[in-house]
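Everything on this sheet refers to the single structure shown next.
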C-alpha cells in the first residue's frame, strides 16, 4: 500500500486523467483507481472530494447532475479546456521528473 | 442506510452552512450509498458494508481545508502600525521642539530625544517591509 503523503501531490493529475477519459462521478473514480492499481492504492473519499473542490475552484473541471442511481442524482465531473492544457503540462513535467529520479534511484 | 445519513451529518457538522456544503453533502451521501450497495452486491451484509464504507471514507480534515474553514488569515496590520508610529513620533518630536525653543532657546537639545524617538517608526518601517 502506497503511503498517502507520497502520492498526494499527484492525485490531482491522476483524477484529471480519469475524468479526461470520460465524464465520471465520485464513487466511479475511487473504484477505478482501486481497480487499475489492483488495490495497491485506494483513495480515501474525503481526499477525493477535496480534490474535486480544488480542481473545480481552479476551473480545471466542471460538474453537472446526471444519471440517477438508487440514492439520488449522481454528480458527474467533466474536464475543461483549461484542465486539458494543465494535464498536458503535468504529463510533460512528470516524464522529466521521472527521468531525473530514475537517474539516482534506479540501478 | 439511515446510519450513513447520520454519519455524513456528523462529518459536516463543523462546516458552516452554505449551498456548497449542501451540494457536497448530497454528493458524499449519494456516492457512499452507491458504494454500500456495491459492497452488498459483492456479498457483504448491509451492516458490514456500511461500516466498511465509513471506515474507508478517511479524514474529513482534507475536505475542511478546501472549504472556508481555514483559520482566518491575520489581517496585515503592519501598515497601520507604521502610520501610527509616524504620527506618534511626530507629535512627540514637536513637543520636544516646542519645549526646547520655548524654555531654552539658547541650547539646541531636541535632536537627542528626536533621534531616540525615530527608532520607533524606523522599526515599524522594517516590519512593514518584511511583511510584504
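Structure values in brief
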{"read-out": "Separation of alpha-carbon centers, region B:84-103 and region A:49-98, rounded to whole Å", "value": "62 Å"}
{"read-out": "Rule-of-thumb Rg ratio for region B:78-131 [Cα; 2.2 N^0.38 Å; N residues]", "value": "1.32"}
{"read-out": "C-alpha long axis of helix A:4-21 to longest principal axis of chain A, angle in °", "value": "60 degrees"}
{"read-out": "Residue A:105 paired with residue B:101, simple spin-label distance in nm, labels 7 Å along Cα-to-beta-carbon", "value": "7.3 nm"}
{"read-out": "Helix B:119-131 axis, angle to chain B major axis (alpha carbon atoms, nearest 10°)", "value": "30 degrees"}
{"read-out": "Distance between modelled label sites at residue A:57 and residue B:109, nm, 7 Å Cα→Cβ extension", "value": "6.0 nm"}
{"read-out": "Cα gyration tensor category, rounded, prolate or oblate, for region B:8-132 with a/c compared to 1.5", "value": "prolate"}
{"read-out": "Among A:67, A:26, A:83, residue whose mean-square fluctuation peaks in a GNM of chain A (springs only between Cα atoms under 10 Å)", "value": "A:67"}
{"read-out": "Global geometry of the protein assembly as shown, whether rounded, prolate or oblate, following the gyration tensor of its Cα atoms and the 1.5 cut on a/c", "value": "prolate"}
{"read-out": "Chain B: angle of helix B:19-41 to the longest principal axis, Cα-based, in degrees nearest 10", "value": "30 degrees"}
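All of the numbers you see were taken from the coordinates with simple rules; none came from a lab. Being a predicted model, the structure only gives us computed values, none of them experimental. A quick note on method: Cβ atoms are made from the backbone with ideal geometry, for glycine too, and the neighbour counts reach across all protein chains shown.
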